[in-house]
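Structure record follows, encoded as structure tokens.
Read-outs: derived from the displayed coordinates by stated rules, not from any lab. All values reported here derive from a predicted model rather than from experimental measurement. In this analysis, Cβ positions are derived from the backbone assuming ideal geometry, glycine residues included, and neighbour counts consider all displayed protein chains.
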Amino acid sequence: MRKKRGRKLDGWLIVDKPAGITSTAVVNRVRHALGAAKAGHGGTLDPLATGVLPVAFGAATKTVPYVMDGAKHYRFTLRFGEARDTDDADGQVTGTSAVRPDEAAILAALPAFQGEIMQVPPAFSAVKVAGARAYDLARVGAPAVLAPRPARIERFALIAMRDEDTAEFEVVSGKGVYMRSLARDLALALGTLGHITALRRLKVGPFAEAQAIPLDKIGAGEDSTGAFPDLLLPVATALADIPALALTEAEATGLSRGQALSLVTLMGRIPDCADPEGGLVRAMAGGHVLGLGRLADGWLRPERLLV
């Protein structure tokens, strides 16, 4: 029997991703440094981008979708006057404009980009078109015509204007929102062209910048069996943003066996912020996270069990 490579680690390591490297390359580097058998990441960052990249090990990979569904906080710098084919500084110039918006014009334009909006992904993105990735088509000179898709922007704020060419913004967004598209479209709405020159993710789901470890510190002079596994956050940390529901021992046993629980018996314990029609709750048993359940049609049904 072939021996499985790597050792079993379960938990999250929050990496401060540097610019110039892909998210996949970060995962591979960290997995090798810790000698882990299985790892994945909680939300892709572009090579140009820096900041919070949660890396999941072992059982934590089961909770990746819930991290990716969480709110994301970004800070980016928009340079006015040039369009790039990638919508960031890594691309080739495709157009120029002499128009430079002032602060008042920018502030007036921002409300149109908040709430539920429609957004066209960048030509260089992982969106699939007839089975091919958009970035692969763009790289061979045949960029796809991408359809607009819904995007939710909770906050889009001007932080500073460094000079007439550049402005810095902070954004809180939902899942699948492209900062490059947001910057591109804001510039167009202001009657000019623009692209991102710097992008940093400050938070994704429950994971924040303060928890992030610089990539060059991971594995540098450390035995992979030593200190860094002690920095792994528990698997259930990924679910911290999901409302908690305390279960009795009998209820926990039933849910863990795949049984649905009547919401009538749970009345008074269901969190006010939980949606009774389709919402998720974090099922708690004796102070420990049992897993996730979904509320619908008068029942709590198990969706993802961690124990």
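Ordering 102-113, 247-258, 45-56, 182-193 by mean Cβ neighbour count within 10 Å, with the highest value first, yields 45-56, 182-193, 247-258, 102-113.
Most tightly packed first, judged by the mean number of other beta-carbon atoms within 10 Å of their residues, the peptides 66-74, 141-149 read 66-74, 141-149. Output the pairs from Lys62/Lys203; Lys38/Lys203; Lys175/Lys217; Lys72/Lys128 with a Cα-Cα distance over 27 Å in this structure; if there are none, say none. Cα-Cα > 27 Å for Lys175/Lys217; rest within. The order of the peptides 14-22, 162-170 by mean Cβ neighbours within 10 Å, most packed first, is 14-22, 162-170.
Amide H contacts for Ala198 (H built 1.01 Å from N in the peptide plane; partners 5 or more residues away or on another chain; cut-off under 5 Å): Thr77. Mean residue ellipticity at 222 nm, helices only, the chain: -4500 deg cm²/dmol; runs of at least 4 DSSP H residues each add -39,500 (n - 2.57), and the sum is divided by the number of residues. Look at the Cα gyration tensor of the stretch 84-171: its axes a ≥ b ≥ c give a/c of at least 1.5 with a/b at or below b/c, and that counts as oblate. Proximity of backbone amide H atoms, modeled 1.01 Å from N, is registered between Leu290 and Ala283, Met284, Ala285 at under 5 Å, excluding neighbours fewer than 5 places apart on the same chain. Based on the Kirkwood radius over alpha-carbon pairs, what value in µm²/s does the Stokes-Einstein equation return for the translational diffusion coefficient of the stretch 28-142 at 4 °C and 1.567 mPa s? Rounded, D is 73 µm²/s.
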